[in-house]
Amino acid sequence: MECYKIENLCFSYDGFENALNGISFSVERGEFITICGRSGCGKSTLLRSLKTAIAPSGIKSGSICFEGSLLESVSIIEQSKLIGFIMQDPENQIVTDKVWHELAFGAESLGLKTSEIRLRTAETASYFGIQTWFRKKTSELSGGQKQLLNLASIMVMRPSVLILDEPTSQLDPIAAYDFIEVLKRINRDFGTTVIISEHRLEDVLPVSDRVIVLDNGNITADGTPSDVGVLLKNRNDAMYLAMPTPMRVFSSVDSKKKCPVTINEGKEWLRSVYDECCVIQSKKYSHSEDIAVELKDVFFRYEKSLPDVLNGVSEKIYRGELFAVVGGNGTGKTTCLKTISGIIKPYRGKVKLISKKVSQLPQDPGTLFIGSTVMEDLEDAAGKNKKKIYDIAKLCGIDELLSRHPYDLSGGERQRAALAKVLLCDPDILLLDEPTKGLDPFFKKKLADILFDLKEKGITIIMVSHDIEFCAMYADRCAMIFDGAIITSGTPRDIFLKNRFYTTAAVKMSEGIIDNALTADDLIEALGGKRYEVKDHDDTKKGSVPKKDEEAEKKKRKKMSAAYIIPVFTIPLTILFGKYILDDRKFYFISLLIIMQTFIPFAVSFERRRPETRELVVIGTMCAIAVASRTAFYMLPQVKPMLAFVIITGIALGGEIGFLTGAVSAFVSNMFFGQGAWTPWQMFAFALSGLIAGLVFKNIKNRIAVSAFGIIDAVVIYGIIMNISSMLAAQGAPSWEMMLTYEISGLPFDLIHGISTAVFLFIALRPMLKKLERVKKRLMYQY
């Protein structure tokens, strides 16, 4: 039976071409499906579309059915129970401080009984082998343990589907293999459907029932791993380079046998080809005599009470050399780079550098970005040298991404953008921390070409990586770190041919059959096969941006119009009712009723369009900021930054959101300052300010004009409304003279409020609008 059915799914982020272009496929219950493709091909967009709560915001057409029902009609609670999602970075999904808290968090969110939560937590911890670190802090876990904890905390809720977006990209090879094995066991033991996207296919393809290849938002291949491998090879597709070593080696020669997928199958096939063991001759490596970096007995610990992270590291790295550092998670690789860059200082030992021009690409490339576009970030590194920027951008394959926000890029695209920024600094020593993370096989080859060009210019490159295959193919020398010390160093052949576990797939496959074979290319050469030079080509066309459903839009507009017409009839009836039926303080009650009725169109129109969770989160966040700002300045009478933030919200996100933010902020803030008959008046005054700001400054973002509006708003709109409220609360029958008296007496306080609002607007407008414009584009594009 079908678990998912996707039909003609198109999706585009607002203002950009399609990320998905008419995708159609179905997923059977219990299948293990791997989705692969080049960076930016649409993998993450597709996977996130399969769960409403994390679906990307943009223009979508087509349909997604889950268990026979449209995904949109399945409640968020049901989706939380049945659909588990694992993100790329283990840190981003952990929300509590203790392992056992994290395991229980999902079950608690579902409202299960305490006894049921304890049972599920204990059972899951035992199944995943977590019981030995059950009481640990999550901050003390390794990367592999954190990702295993994420998986276990999802499985506590017993989902029928697991969706994983490159879950092993941050893990070392052994931890990645262990994680994939756990997934295989879950799929086998419970029939859980697994849909996973990956760039590292050596471990995941052998356990997959089916492989789907994406390119430019289109499905270009769909079938069993062996069938897809042959298809990609025959098409000379760039994704062929990502296939497991046994498949690539098999496809390089003419053979009538079945294509091997696993190492064991590849070994058996290789034995059928070779009766006797042969030896591949390797070239000797010679390096420059100039030492670029020297580490002498380096020790480092992050706190005095903690053990050493670096434990007597000593190594010489030569000028123009590509030096790779490998090892498991938490062994000290990144810390070693930080000592070389000078970010941290060892408490013992020395670090000598040939040059102070050192640049580092960190493990999290996002830490390098400070601008709102890729171009702004590149200009930050290279100034206004446009030619240099465009040359490096083209070299790194990001020349078409310069207008995008860095955080709107895919993982691989962001990695390339960060590399471009680092290269623009013209370093003599280049430090790379996991540079191949999130990169497709084609750009890995391109990255190697870039690094070779840098080496020819005499630049020394020190690279920390979990990508054993990349290090084996392109590094001049490697070092392996364990327990904070370099335990061995030498050429890739010196290191990986001796290793049993921490080595390449080619070494495992050829052991005892072809000696000295380090890479798939070595095996292909030994077999007399043909090495394929895969060209980067695009045989697909991106479609146009899907259009919104015009009929649905018309229906929404009609419903909204009806909501706005209702108060036109109810307000006159309210006035007549109050005048002839109510006696004492009739004007106050009439005013309150009218104010409450003015909220109707906004509440109805907002609810009618069924706002998504992400929209409510944005509104809630702006309300929280506004309330916090009022609370922070409570000791200064009439200084209310809240009005400034309501105005900014209206300008950035539209009058409707400004109205709602103002009303909710006033109500919530009075939880701290006291509720009373004045609360509806304050709600109306703040709400009206947000609405008018959204209407007046829809296309105007001038800071001086908005600041001037802040003064006028505080005095004329907010001030007059609240003065009238005070007058009606104190007097039975209002008069013009009485109203004038209240307005004049309240003017000094209103001016203080207005001036303070203008100051806050002048300071906060630009940075807040900059952030909110991106939020609007990515999460609330419809406004």
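Quick notes on this structure:
- Once the Cα atoms are used to define both axes, helix 703-712 deviates from the longest principal axis of the chain by about 30 degrees.
- Per DSSP, loop GluC sites (Glu not before Pro) in the stretch 55-102 with at most 11 further Cβ within 10 Å: none
- Where the chain is the region considered: accessible area per residue in Å², 1.4 Å probe: 46
- Here's how it looks for CYS3: its modeled amide H is under 5 Å from those of VAL27, GLU28, ARG29, which are all 5 or more places away or on a different chain.
- Shape call, the stretch 35-153: gyration tensor on alpha carbons, a/c limit 1.5: oblate
- Gyration tensor (alpha-carbon) shape descriptor, the stretch 142-238, a/c threshold 1.5: prolate
- Packing-based order for 378-391, 400-413, 41-54, using average beta carbon neighbours within 10 Å, highest first: 41-54, 400-413, 378-391
- Note on LYS296 and ILE76: the extension gain reaches 73.5 nm, defined as 0.36 nm multiplied by sequence separation minus the Cα-Cα distance.
- Remark on ASP215: its backbone amide H falls under 5 Å from those of THR220, a criterion applied only to residues 5 or more positions apart or on other chains, H modelled at 1.01 Å from N.
- Selected from LEU20, CYS36, THR132, residue furthest toward positive end of dipole (the stretch 1-135; charges at beta carbon): THR132
- Net charge contributed by nearby residues that have their C-beta within less than 15 Å of ILE647 (K/R +1, D/E -1): +4
- The GLU456 and ASN699 beta-carbon pair, evaluated with R₀ = 60 Å, returns a calculated FRET efficiency of approximately 0.70.
- Highest to lowest packing among 194-207, 329-342, scored as the average C-beta count within 10 Å: 194-207, 329-342
- Directionally averaged projected area (convex hull, Cα atoms, the stretch 83-190), nm²: 6.2
- When each of the peptides 680-692, 497-509, 256-268 is scored by the mean number of other C-beta atoms lying within 10 Å of its residues, the order from highest to lowest reads 680-692, 497-509, 256-268.
- A simple spin-label model places the labels of ARG348 and HIS287 2.5 nm from each other, with each point 7 Å out along Cα-to-Cβ.
- Accessible carbon and sulfur surface of the stretch 31-174 relative to its total accessible area, %, 1.4 Å: 53
- 3J(HN,Hα) along the stretch 414-425, derived from phi through the Karplus expression 6.51 cos²θ - 1.76 cosθ + 1.60 where θ = phi - 60°, amounts to 5, 5, 5, 5, 5, 4, 4, 5, 5, 5, 5, 7 Hz, with x in place of Gly and Pro.
- Integer Hz, Karplus 6.51/-1.76/1.60 couplings in order for the stretch 164-179, x for Gly and Pro: 10, 9, 6, x, 9, 5, 9, 9, 6, x, 6, 5, 5, 4, 4, 5
- Protein accessible area in the stretch 649-738, 1.4 Å probe - carbon and sulfur %: 73
- Mean separation of Cα contacts under 8 Å, 6 or more apart, over the residue count of the stretch 237-396: relative contact order %: 16
- Computed from backbone phi with θ = phi - 60° and the Karplus coefficients 6.51, -1.76 and 1.60, the 3J(HN,Hα) list for the stretch 470-476 is 5, 4, 5, 7, 10, 6, 7 Hz; x is used for glycine and proline.
- The overall shape of the stretch 172-312, judged from the alpha-carbon gyration tensor, is oblate: a/c is not under 1.5, and a/b is no greater than b/c.
- Remark: the stretch 462-531 carries a charge dipole of roughly 60 debye about the Cα centre, counting +1 on each Lys and Arg Cβ and -1 on each Asp and Glu Cβ.
- Pairs exceeding a 24 Å alpha-carbon distance, out of LYS421/LYS445; LYS137/LYS437; LYS284/LYS357; LYS345/LYS498; LYS316/LYS446; LYS357/LYS387: LYS137/LYS437; LYS284/LYS357; LYS345/LYS498; LYS316/LYS446.
- Calculated FRET value between ASP426 and LYS498, using beta carbons and R₀ = 51 Å, to 0.05: 0.85
- Simple spin-label estimate for PHE134 and GLU376 in nanometres, 7 Å along Cα-Cβ: 4.9
- Net lengthening on full extension, TRP736/VAL759 (0.36 nm per residue, minus Cα-Cα): 5.0 nm
- Rounded Å value of the spacing that divides the Cα centres of the stretch 101-155 and the stretch 623-673: 39
- Taking amide H as placed 1.01 Å from N in the peptide plane, LEU432 has its amide H under 5 Å from the amide H of LEU361, ILE462, MET463, VAL464, each at least 5 places away in sequence or on another chain.
- The Cα atoms of the chain cover 109, 62, 56 Å along the three principal axes, with the biggest extent listed first.
The values are calculated or read from the model by the stated rules, or taken from the named source; none is laboratory data. These numbers were taken from a predicted model, which means no experiment stands behind them. A quick note on method: Cβ atoms are made from the backbone with ideal geometry, for glycine too, and the neighbour counts reach across all protein chains shown. Surface areas here come from the heavy atoms of the whole protein model, side chains and all, with no ligands, DNA or RNA. Shrake-Rupley method; radii C 1.70, N 1.55, O 1.52, S 1.80 Å.
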